[in-house]
Amino acid sequence: MGTNKYPTAAELEILTILWENEPLTVKEIHEQLLKSKEIGYTTALKIMQNMTQKGFLRREPNGKSHIYYATYSQDVTQQSLLNKFVDSAFGGSATKLVMQLLGNSKTSERELKEI
């Protein structure tokens with residue numbers, strides 16, 4: 001994943017759907033998106049076209065429509081986003097990030113034991 005290319009929140013929603021179910025058509029992705037928010041078909045299509053241009057999606061013909069695949073795995077994308085976050089919010093220090101997580105009230109006892 002390129003250093004200046006990070007998916008937006010809307011793009012991450014689409015990627016998450018694809019990681020769980022790929023390959024999918026725009027119609028199938030749109031139907032999944034509608035389960036959590038109102039979004040027009042053409043809006044979903046435009047986002048996916050932009051994602052294809054950015055290199056986040058790969059599109060292949062499938063009869064009269066196209067099917068889409070995520071270009072990068074979920075692990076690669078998460079690692080890239082995490083690196084960006086650690087660099088920008090914690091000055092590149094993973095230690096500072098971990099200390100924040102350990103002190104976070106959202107971290108459960110079970111999660112602390114797993115760590």
Any pair with Cβ under 8 angstrom, 6 or more apart, that starts in region 5-24 at a residue that is within 15 Å of Y72 (Cβ to Cβ) and free of Cβ contacts under 8 Å to residues at least 60 places away in the same chain and ends at one that is part of a helix (DSSP H, G or I) and among the aromatic types (F, W, Y): none
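For region 18-27, state whether one or more residues are in contact with a strand residue (DSSP E or B) (Cβ under 9 Å, 6 or more places away or on another chain), assigned to a helix (DSSP H, G or I), modelled with pLDDT of 95 or more and not aliphatic (A, V, I, L, M). Can you show your working first?
Start the filter on region 18-27 by keeping residues that are in contact with a strand residue (DSSP E or B) (Cβ under 9 Å, 6 or more places away or on another chain), which leaves 18-19, 22-27.
Still in the running and assigned to a helix (DSSP H, G or I): 18-19, 26-27.
In the following step, the residues that additionally are modelled with pLDDT of 95 or more were identified as 18-19, 26-27.
Still in the running and not aliphatic (A, V, I, L, M): 19, 27.
The answer is yes, given that some residue of region 18-27 is in contact with a strand residue (DSSP E or B) (Cβ under 9 Å, 6 or more places away or on another chain), assigned to a helix (DSSP H, G or I), modelled with pLDDT of 95 or more and not aliphatic (A, V, I, L, M).
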Region 30-49: number of residues that are surrounded by 14 or more Cβ atoms within 10 Å (Cβ to Cβ) and touching a residue at least 12 places away in the same chain (Cβ under 8 Å): 8
Filtered residue count, region 69-106, keeping only those that are touching a helix residue (DSSP H, G or I) at 6+ places or on another chain (Cβ under 6 Å) and touching a residue at least 40 places away in the same chain (Cβ under 8 Å): 2
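Report yes if I47 is at pLDDT 90 or above, β-branched (V, I, T) and not in a helix (DSSP H, G or I), otherwise no.
Values: at pLDDT 90 or above: yes; β-branched (V, I, T): yes; not in a helix (DSSP H, G or I): no.
The answer is no for I47.
Being of a type in the set (S, T, Y) and either closer than 14 Å to T25 by Cβ or over 14 Å from the mean Cα position of the chain (by Cα) (or both) is the filter here, so list the residues in region 58-81 that pass it.
Start the filter on region 58-81 by keeping residues that are of a type in the set (S, T, Y), which leaves 65, 68-69, 71-73, 77, 80.
Within region 58-81, S65, Y68, Y69 qualify.
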Residue under evaluation A89, criteria (1) surrounded by 12 or more Cβ atoms within 10 Å (Cβ to Cβ); (2) over 18 Å from A9 (Cβ atoms); (3) of a type in the set (G, A, S), criterion not met: (2)
Test: residue in region 63-77 that is aliphatic (A, V, I, L, M), assigned to a helix (DSSP H, G or I) and either within 17 Å of P7 (Cα to Cα) or at pLDDT below 95 (or both): yes
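The values are calculated or read from the model by the stated rules, or taken from the named source; none is laboratory data. Values in this document were obtained by computation on a predicted structure and should not be read as measured data. FYI the Cβ positions are ideal-geometry reconstructions off the backbone, even for glycines, and counts take in every protein chain you see.
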